[in-house]
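Participant: Please read through the structure below; I'll follow up with questions.
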Amino acid sequence: MNVDALMAYITSTPLTWIIVTMSAYKVGILIYEKTGKHALLQPIVIAYVIMLPILIIAHIPYKQYFESVSILHFFLGPATVALALPLYKNLKLIHAYLLPIFITLFVGGIFTILSAVGILWLLGASKITMLSMTTKSVTAPITLITAHDIGANASLAIGFVVITGLLGALFGTFIFKLLRIKHDAAKGFALGLISHAVGTARAFEISENAAAFSALAMGLVGVFIAVFLPIVIGFL
């Protein structure tokens, strides 16, 4: 048997990477639950720790891996739409906070972009890097489209999205305790506004109200940035 040919076939088959990716995430869930849902051991973090060495050892370029698991990216859209369910269940509560919601969306959405891009500018980052950073708090499907519209590097933009989501999920609870934030709606909206889908997954563990406001923030900031960011970038 030609072992090299067999390995080449296995590593080039999309189904292989779909199974490996889902298995890595499942291991992450098991570890997360076994450790009492420790904030630093989010399932997606464990999945990355497992996947990165595998891809490096197998010499699989990121582009090839991305294309192999494209079906998983396709389902990000329907999964995002499904978040409308907790929104529907909490419509009355959301209606009661409409004004604070839109003020927070406007101020928070602008600040999160300006602060990150400002730091990169001070550090002498390239234009393409700064453009890629502008979509860091938007869920992946919207990021891919917006990055293309503003001339950013899509792969780099997705990388920033992943890092932002992880940081929000890892340190969000600590920041809430530090600032003595106890309102579930505030926690959820902050997680969704800054950390998109990963933050929303964390919000589901807090409460249904937190999940609803996180899903709302993720959707609103996605629309806000997708619509206005290309206009602003084009004007500048």
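The values are calculated or read from the model by the stated rules, or taken from the named source; none is laboratory data. Note that this is a predicted model, so its numbers are computed, not measured. Virtual Cβ from ideal backbone geometry, glycine too; neighbours counted across all protein chains shown. These accessible areas exclude ligands, DNA and RNA; they are computed on the full protein's heavy atoms, side chains included. Shrake-Rupley method; radii C 1.70, N 1.55, O 1.52, S 1.80 Å.
Participant: Just the residues that are open to solvent by less than 10 Å² (accessible area, probe 1.4 Å) and within 11 Å of G222 (Cα to Cα), please, taken from the stretch 140-170. Working first, answer last.
Facilitator: Of all residues in the stretch 140-170, those open to solvent by less than 10 Å² (accessible area, probe 1.4 Å) come to 143, 146-147, 157, 161, 165, 169.
Scanning the stretch 140-170 gives T143, T146.
Participant: Take the residues of the stretch 19-39 that are aliphatic (A, V, I, L, M) and open to solvent by less than 30 Å² (accessible area, probe 1.4 Å): which is modelled with the highest pLDDT?
Facilitator: Here is the first cut: in the stretch 19-39, the ones aliphatic (A, V, I, L, M) are 19-20, 22, 24, 27, 29-31, 39.
Keeping just the survivors that are open to solvent by less than 30 Å² (accessible area, probe 1.4 Å) gives 24, 39.
Working: A24: 91, A39: 69.
Going through the qualifying residues, I end up with A24.
Participant: Going residue by residue through the stretch 40-51, is there one that turns out to be at pLDDT below 90, part of a loop (DSSP other than H, G, I, E, B) and within 22 Å of G165 (Cα to Cα)?
Facilitator: yes
Participant: Another question, then. P86 - would you say it is over 20 Å from the mean Cα position of the chain (by Cα) and at pLDDT below 85?
Facilitator: Details: over 20 Å from the mean Cα position of the chain (by Cα): no; at pLDDT below 85: yes.
For P86, the condition - over 20 Å from the mean Cα position of the chain (by Cα) and at pLDDT below 85 - is not met.
Participant: Of the conditions (1) of a type in the set (S, T, Y); (2) more than 24 Å from Y48 (Cβ to Cβ); (3) under 14 Å from the mean Cα position of the chain (by Cα), S126 satisfies every one except a single condition; which number is it?
Facilitator: (3)
Participant: Within the stretch 145-162, how many residues turn out to be touching a residue at least 40 places away in the same chain (Cβ under 8 Å) and more than 18 Å from I194 (Cβ to Cβ)?
Facilitator: The total comes to 5.
Participant: Restricting to the stretch 179-222, count the residues that are under 21 Å from V162 (Cβ atoms) and either charged (D, E, K, R) or open to solvent by 50 Å² or more (accessible area, probe 1.4 Å) (or both).
Facilitator: The qualifying residues number 5.
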